[in-house]
Each structure stands twice: as C-alpha cells, then as structure tokens.
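One structure is given here, and the rest of the page talks about it.
Rule-based calculations on the coordinates, nothing more; no lab input. Here the structure is a predicted model, which is why all the values come from computation and not from measurement. Methodologically, a virtual Cβ is constructed for each residue, glycine included, from the backbone with ideal geometry; neighbour enumeration extends over all protein chains shown.
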Amino acid sequence: MLDIAIIGAGPAGLATALRLHQKGFRPKIYEAAPELKPLGVGIDIKVYGTKEVTELGLLEEFQKISVEAKDSIFYTGYGQEIFAEKCGKHIGYDHEQRFVHRGRFQFMLLDAVKQRLGEESITLGARCKSFAQDADGVTITFEDGTTARHDVLLGIDGIHSVVKKQLHPEATRTHYSGVAMYRGVTVMPAYGNGGMILHIGDPIRQGSLIVYPIANDEDENGNQLINWVCEQQGKPKGLEDWNVRVSPDEIAHVFDDVSLDFLDVNAMIRNAREVYVYPLIDNDPLDQWSFGRVSLVGDAAHAMYPRGGNGVCQALVDARVVADKLATIADPVEALKAYEAERREFVNRLVIANRGEGPEVIRRMVEERSGGQPFDHIDNVIPRQEVEDLFMEYHRKAGMKRPDDAKTALKEVFTEDNSRRVAAKADIR
Ligand SMILES: Cc1cc2nc3c(=O)[nH]c(=O)nc-3n(C[C@H](O)[C@H](O)[C@H](O)COP(=O)(O)OP(=O)(O)OC[C@H]3O[C@@H](n4cnc5c(N)ncnc54)[C@H](O)[C@@H]3O)c2cc1C
C-alpha cells in the first residue's frame, strides 16, 4: 500500500485524506499552522459539491452546520427585482445546494479525519519548504530542517503553494482583477424564507453585493449568520492575505440607494461582526500538475476567483479522482498522470470562465439598457426569454448535470412555473 503525504490541511487536503482512507490508504497530513482555527467566511457548496460530501458520509453533519439554498434573486442597485430562480433540489437537481462557513466546513472534515485516520495522521506546525524525488519516493524538507520520506507527495497547500512554486518557478503569477472583495458576516434575523441568495447592485455604477445565510440558530435568539460579499472596482493590489480586517464603514454607504422591503442592507453591513478585504485574484491555468510522484490538488492546482463556490467544490472532485486513480493504477506515476488527464483541462476552462461575470452579467445588462435609471417593468428592459436562455447556458457551462438532463429539468421548471419572479416573491412575504 502506498505511503502518501499531503501538504496542507485546508478543505481540499482533508477531503483528499478522507477519500484516500475510503480506498484503504493511511495518508499523512503536514500542515504549516501550529494550530488550526475555523477561519474565513461563507462558501457556496453547489449541488455537485454536496454530492461529494454525501459520498464522504458527511451529509448529516454538513446539513447541521449549513443552510439550504432555496432561491437565487437578482436586484438592481435600486432594489428592483430582475430575475429569480430556484436552487438545488428545488430546481430539479438530485442534491441540495448549501451555504456554509468555510472554517466550520473545514472543521467538519478535520473531525472526520481525526475519527477515521486518528489524530496522529496530522502533523501541525510542519511548513513544507521543498522536496526532492527519485525513482523510489519523495523526501520532504520542512522549514525547521526536519525531513520525511513518502512514496507520493500531494501539494494541497493553497493559492501560495510552495509545492507548485517548486514545480513551476516561472508560471505561478497572481492574476489580479482590479476588484477588491469586502467579505463580512452579520448575526441577524433571517430574511425572506431563510434560504435566499441575493445578488444586488450594478457592477458599473455601484459595485456588487451578494448576500446569503451560512448558519441557522447562531445565537440564543435564533438569529442566522448572514454572509455578504461586496465587490468594488479599483482598489490597490497587494493584500493577498485572507485575514486582513477592515471597518464596515468603508463600504456601508455604497448601498444607500438600495431599498428592499425585507432586508435593511445598510444595517446589515454596519452591524457586521467582522469584515475582511481580499483582492479578487487567481492563478493563470497551469500546463502540468503531475511530475513523477508529485502532484497538485485544490487551490494549489487551480486557484480561481472565490466566486460562486467552484474553488472548493472542484477541490472536492479532485480529492475523489486522485484517490480513485492511486487506488486503481498500480504505478503511482501513471496514476497521477491519469488524475491530471481527467481533471486539468476541465478545471482550467473553469478558471478562465470564472474570470467572466457568469450569470451576474444580467445586472450589467440591465444597468446598460435602463441607462442606470429605475424601470417601470423589467420586461421593458430585457425580454424574459433572453434572461432564461442566459441562465440555461450558465447551468450548462458549470457542468452541474449532464447537459441533456439539465436542459430537460430546467425546461420542466420553466413551463410549469411561468414566472419564478412571482413565486420567489410569494416566498418572501
Ligand atoms: C485562512 C483562509 C480563509 C479562507 N477564507 C475563504 C472564504 O471566506 N471564502 C472562500 O471562498 N474561500 C476562502 N478560502 C479559500 C478556500 O478555502 C479555498 O479556495 C478552497 O477551499 C480550496 O481549499 P484548499 O485546501 O485547496 O486551500 P486552502 O483553504 O488555502 O488551504 C491550504 C492549507 O495549506 C496550508 N499550507 C500552506 N502552505 C503550506 C506549507 N508550505 N506547508 C504546509 N501547509 C501549508 C495552509 O495553512 C492551509 O491550511 C480561505 C483560505 C484560507 C487559507
């Protein structure tokens, strides 16, 4: 049985350890942090991510710490509704879409690793500095000068991966979008039906605000933990740390014009428990992940804009595929090549697609066509069929279901319910 080393105990490293364990391996995880803390704010686990969590045997635990997504609604900067659609099982997928706190999701995986592989499977305070491989194995050197020898090394050490830097000294440039993300969480009463993701504002005049709940019963009053992300153009680059805190006052004023009858956006931002600023960055797609007995998984392989949950969900898929190949192909070098062959091109396309606006483009289109003014009726600004075609295409590109099935499933929803805008509104009130 191969002796496998994992560098990094983020969501991807832990999920990979669990997948390898399901295949009978006993991997060893090396994590740089001397102590793991549940850091970060919200992540959006798409239907295909929930499928992976289910296969890890963790659906029940996941449901306890997360919130089911029911509706996704788009608003202009004045709070006028543009479009609404159902999410997850409510639109005909086999799995739920759920929202969760990144740190709590990581700790759910960590607990499972400790239970299934034992506490001793994780070494904390072990920062990988470099590695050297030969025909029989890989020797890892840590910052403190100690070394470890394994048959295979998986670099799962995030966007600033040292394993990636050693494999690709020239090609790990950070791609900066020119946009800063303010990411905050606020403890407050649930809005609407308690499972809505709101896409508010126009990207031209005002900037974008995305809001969704990530935990129920956050306090003794039954409040939810609400996650919000505000994107603003033209902020300086250079802050590439997930943990830079700022005051909510920096951005609360941006949404003064927004008027929603079921959510006080301004109060939500001002009352935030914590706010972080992070540049919208990714890495250019890599032309190779696997080099002999070493390969890359998760953000180390394909850091993409942290929009829409694809980063973490794709990492969960990586975890399954790499474990499967190592279990079924006897030669680890061939197994890692097969893993890359199945994953790299598909994910690279997603990295590039993620740089576009995805379905969020609808808000820009409405802003441009309405001249940035409030409208009388949305149908006078953009024909409904055009919007539905746009969303259909987005679902297809995200690969969340086989295109033919997805098309049929969506079509049924569209014909049975002529106006989901009305349906979603009915849910709110
Ligand atoms: C502190 C933090 C907060 C985040 N918050 C959010 C968020 O709010 N929303 C969002 O969408 N995404 C967030 N992310 C990114 C998100 O976790 C990833 O995009 C996704 O989950 C894929 O995870 P990953 O395990 O590949 O990478 P990461 O989550 O980045 O995990 C990488 C792990 O590797 C460890 N590591 C790094 N270098 C070394 C080394 N040399 N040796 C050993 N270990 C090393 C890190 O300490 C970390 O634990 C955050 C990441 C971090 C690190």
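Please name whichever of MET392, GLY195, LEU124 sits farthest to the positive end of the charge dipole of the chain, dipole taken about the Cα centre and charges placed at Cβ: Lys and Arg +1, Asp and Glu -1. The residue sitting farthest along the positive end of the dipole is LEU124. Note on ARG116 and ASP217: the extension gain reaches 33.5 nm, defined as 0.36 nm multiplied by sequence separation minus the Cα-Cα distance. Tell me which of ALA338, ILE362, GLY8 sits at the most positive position along the dipole axis of the chain, charges placed on C-beta atoms (Lys, Arg +1; Asp, Glu -1). Most positive-ward Cα: ALA338.
Across segment 198-208, computed HN-Hα scalar couplings (Karplus, 6.51 cos²θ - 1.76 cosθ + 1.60, θ = phi - 60°) run 10, 10, 10, x, 10, x, 8, 7, 10, x, 10 Hz from first to last residue, x flagging Gly and Pro. Computed from the C-beta positions of GLU393 and ILE204, the FRET efficiency with R₀ = 25 Å rounds to 0.70. Once you have a ≥ b ≥ c as the square roots of the Cα gyration tensor eigenvalues for the chain, tell me rounded if a/c is under 1.5, and otherwise prolate or oblate according to whether a/b is larger than b/c. It comes out prolate by the Cα gyration axes. Couplings for segment 379-387, taken from phi via the Karplus curve 6.51 cos²θ - 1.76 cosθ + 1.60 with θ = phi - 60°, read 4, 7, 9, 8, x, 4, 4, 4, 5 Hz in order; Gly and Pro are left as x.
Amide H to amide H, with H built 1.01 Å from N, GLY42 comes under 5 Å of ARG102, counting only residues 5 or more places away or on other chains. Taking other C-beta atoms within 10 angstrom as a stand-in for reagent exposure, ASP324, ASP264 fall in the order ASP264, ASP324, fewest first.
Projected label points at ASN193 and LYS129, each 7 Å from Cα along the beta carbon direction, are separated by 5.6 nanometres. Cα axis of helix 102-117 to longest principal axis of the chain: angle in degrees, 0 to 90, nearest 10? Computed tilt is about 30 degrees. Could you tell me whether segment 142-195 comes out rounded, prolate or oblate from its Cα gyration tensor? Rule is a ≥ b ≥ c as square roots of the eigenvalues, rounded for a/c under 1.5, then prolate if a/b exceeds b/c, otherwise oblate. Prolate. Residues whose amide H lies under 5 Å from that of PHE131, counting only those 5 or more places away or on a different chain, are THR141; hydrogens are built 1.01 Å from N in the peptide plane. Ranking ASN243, GLY309, PHE291 by Cα position along the charge dipole of segment 241-388, where only Lys, Arg, Asp and Glu carry charges on their C-beta atoms, puts PHE291 farthest toward the positive end. Students often get this wrong, so check it: of LYS51/LYS337; LYS23/LYS164; LYS64/LYS89; LYS23/LYS70, which have C-alpha atoms separated by over 29 Å? Going by Cα-Cα distance, LYS23/LYS70 fall outside the 29 Å limit. Placing +1 on the Cβ of every Lys and Arg and -1 on the Cβ of every Asp and Glu, with no other charges, gives the chain a dipole of roughly 540 debye about its Cα centre. Under the rule of -39500 (n - 2.57) per DSSP H run of 4 or more residues, summed and divided by the residues of the chain, what mean residue ellipticity at 222 nm is obtained, to the nearest 500 deg cm²/dmol? One gets -11000 deg cm²/dmol as the mean residue ellipticity at 222 nm. Please compute the modelled spin-label separation between GLU35 and GLN373, points set 7 Å along Cα→Cβ, answer in nm with one decimal. That separation, rounded to one decimal, is 5.9 nm. Using alpha-carbon positions, what is the distance between the centroids of segment 253-282 and segment 125-170, in Å? Value for the Cα centre distance between the two parts: 40 Å. Ranked by the mean number of other Cβ atoms within 10 Å of their residues, highest first, the peptides 6-18, 109-121 come out as 6-18, 109-121.
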